[in-house]
1. Counting just the residues of the stretch B:46-71 that are among the polar types (S, T, N, Q) and surrounded by 15 or more Cβ atoms within 10 Å (Cβ to Cβ), which one comes out nearest to B:A241 (Cα to Cα)?
2. What do you reckon, is A:K263 under 29 Å from B:Q34 (Cα atoms) and surrounded by fewer than 23 Cβ atoms within 10 Å (Cβ to Cβ)?
3. Considering the stretch B:105-130 alone, what residues qualify as being in a helix (DSSP H, G or I) and surrounded by 21 or more Cβ atoms within 10 Å (Cβ to Cβ)?
4. Does the stretch B:249-259 contain at least one residue that is closer than 22 Å to A:E325 by Cβ, modelled with pLDDT under 75 and not in a loop (DSSP other than H, G, I, E, B)?
5. Examine the stretch A:243-255 for a residue that is out of contact with any Asp or Glu (no Cβ under 8 Å at 6 or more places or on another chain) and within 14 Å of chain B (Cβ to nearest Cβ), and state whether such a residue exists.
6. Taking the stretch A:154-174 as the search range and keeping residues that are assigned to a loop (DSSP other than H, G, I, E, B) and in contact (Cβ under 8 Å) with a residue 60 or more places away in the chain, which one is farthest from A:V324 (Cα to Cα)?
7. Let me confirm something: among B:S482, B:S487, which residue is within 22 Å of A:G195 (Cα to Cα) and facing chain A (nearest Cβ under 8 Å)?
8. What number of residues within the stretch A:175-216 are at the interface with chain B (Cβ under 9 Å from one of its Cβ atoms) and outside any helix (DSSP H, G or I)?
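The values are calculated or read from the model by the stated rules, or taken from the named source; none is laboratory data. Here the structure is a predicted model, which means the values were calculated and not measured. Don't worry about glycine lacking a Cβ; one is built from the backbone with ideal geometry, like all the others, and counts go over all protein chains shown.
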Amino acid sequence: MLLPACGPQPQRVEDVPAPQVVNVYSHRHYDVDKKLFADFEQTTGIAVQLIDADDDQLLSRLAAEGANSQADVILTSDAGRLGLCKQAGFLQPVRSPVLDANVPAHLRDVDHNWYGLSMRARVIAYDKNKVDPKEVATYEALTAQRFKGKLLVRSSENTYNQSLVAAMIAHFGREKTLGWCKGIVANMARDPKGGDTDQMLAIGEGLGEVALVNSYYIGKLLTDTTTAKQKARDAMAVSYPVMNGFSGTHVNVSGAGVARHAKNKENAIKLIEFLSSDAAQRVFAEGNMEFPVKPGVAAAPTLQAFGTLVQDSLALAKLGELNVEAMKVMGEAGWK
Amino acid sequence: MTRTLSILAAIAALLLCLPIIAVVAAPFYNAAPQWDYVGGAFLWQHLTGTFLLLAGTVTLATVLGVGSAWCIAMFDFPGRRFFSWVFVLPLALPTYISALAYAGLLGPTGTWSVLVDDLFGFRPDIMNLPGLCIVLALVLFPYVYLPARAAFSAGLTDAFDASRTLGASPMRRFVAIALPLARPAIVGGAVLVSMESLNDYGAVKHYGATTLTTGIFRAWGGLYDQGSAMRLASVLLVLVATLLITERLLRRKGLRTADHRPMRRTPIAGSVRATVVVGCSLLFLFSGALPIGALVCDAVSVADPELFSDLGVATMNTLHVGAWAAGITLVIALLLAWSERFTKRNVARSAWLARLGYVGPGAVIAVGVMSLAGGLDARLATMGISGRLLLIGTLPLLVYAFSVRFLAVAAQPINAGLAQQSIALDEAARTLGASPLRTFFSVNLPLLRPALIAAVLLVVLEVMKELPLTLIMRPFDFDTLSTAVHSHTRIEQVREAALPALAIVLCALLPVLALDRLHGRPRQ
């Protein structure tokens, strides 16, 4: 058995003719990412080396590595974490006309530290046989007496629940949001448990009538052909809700930034630009049921079937700033 | 020589302690901006959950483990040999995988729950705290079963013969003789069960329970407060330190026996036999057959030849790091056990501190290790050798982290094995002029062989199942079987996760079966 090699496997700075690489720390584990990285490698000749792990742990690894970090690109699936990376000084600003053109302003950092690359919307899945679409047009509607004991939702530990509550705090302030959270807790059909898919399966089983879920998992469930998910597929419809007085649905992004101590900065920028291109955006949309950020690229037909997504125009940087407050509000409301 | 070795032992122990010290010390120098919130009701809520989970799981696992061990060791009945090894199988299942399999069957939308609902009009739901205790106990009971079976199988014969002539009932023999004699073994197993439940994250989170471990991640992830997370980790470590000290105290008071004759099993018949056979069958069904069967079904439904090549690489990676971690922990555990037995130094006595790593959730240990290594890397960089000798993201550092985390796993069978060897043995050798070292090598070590093999296999098994630490500390493009499982379960692809999960179970089968042979075979 070989002794484990000491020293880094990735590129060494001194070796001049070394093959071109870009080192990615990712919190996404999707098959489409592998495909996109392979496409990138093919078109540019730059090899993508990957570590994927849970994002908070990735952040602690970045913190421990400091200036020695081998990360070139940081890729996470939550705008809050991107904001945190910026705050912690893990990212550096980059100027890229390509990125500025491809990524709308509210989906990127003001100081060009990070760029959103694909979106998920927090939407309402409902039982189309029991619920009128008009009853689920807003997030506030979920707290109505009508849905007492009928609401299915994940725990407050779920990032997307946190970012939704953070967005509400940004729009309405703490008190009103606390009231909403209490309303959610009062209407829960059961203690929060399981993942997003579990909430939709529960609708199929008649355990609840409405569920707060991520658009990504809806797309996955509706295109899954296994019989175990048949009941949920048959029963379910989707509403893109808005917040009272505002015109858009809450979205969060997967996004990327160039690491502060990137050793391959040019390659890093190339990779992020590539991910914002039409071709890559289409892969996010069709291959992974995410909404493209680039205007003009269409969402997957499965998701378009329920209407066109109109995004809440809140600057996503706010989500990071308010996430802690959101956790506390949810805790105070008794949201497990 | 003795002196050198005990200094070496102290250094090794210190090296493995460092990351834990880094975690425990973190609260003193790290800011914890959200502690006002985390240290209040939040902490109590998570502590309560932890105690409930611990009480439920440990009680149930002990009852199952002792009960099954008693039946296997004491009675002859159809299928005894079969049950004797299949009760070890659950050790091959990572808790998060078993929990997922059970949720798929008996969760609110599980296949069986739906079936029961259609037939009887009520819907079982295992995804709550009591359900979690049951699922964990079904996976973890072999930790009690194995040592208890070993203790019941040998060493009781003389006492039993005596008690029988005195007219003691079987029940009285169990309570008054078997339990006290097997107590160190049972307590040792129960401690392993409690440590496993304390650091469990995947299963606990999926079932919606709140424990200190989920609290750590809630503070870290949701509140962006690593300082508070580390404080919670310190609370957890203090809890475990208490457990370990208790075990040591109990072990010291334990009875020892010089009787190594194997137990003569009693044939049973009639209703007793029926009860034992049915009980054993049910235990096998729920602890092994059902979750593994569910995995096989899922794996078959998604089997795709392309997936197998990735699987091969991941398997080799897993075994590679596993073997290294096992070798290192074994040597250090022996060194510590030796100096604990032969030198009276306080350093040696506090060696158990190095075993605390077992309970820190993997991610916390990783933070401890990485903060040390990061500091070292920065120091190296200022010396101008940066880029050549980085530690973070290398296999040696990963193996070191595994050693920190799993020293206790290697130490447990070794210490228990040594504890069973009467000091009179050492004294006889010493009287004949043998040095402590020679005594250890020619008297203690040969007798310890089964424990040594057990130690190696257990560590490999743990490395195979470990997830969070591997996930965060691995080099670029380095997948193990457990990270392969994770990459699917994270995005709720439960069926796709079944293939690597099954690979873990299959790889783990070998060590698990070997463990079965090592425990409870009559010693010479």
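1. B:T50
2. No, not satisfied.
3. B:L106, B:S113
4. The answer is no; no qualifying residue exists.
5. no
6. Applying the filter and picking the extreme gives A:S155.
7. Unique residue meeting the criteria: B:S487.
8. Of the residues in the stretch A:175-216, 8 are at the interface with chain B (Cβ under 9 Å from one of its Cβ atoms) and outside any helix (DSSP H, G or I).
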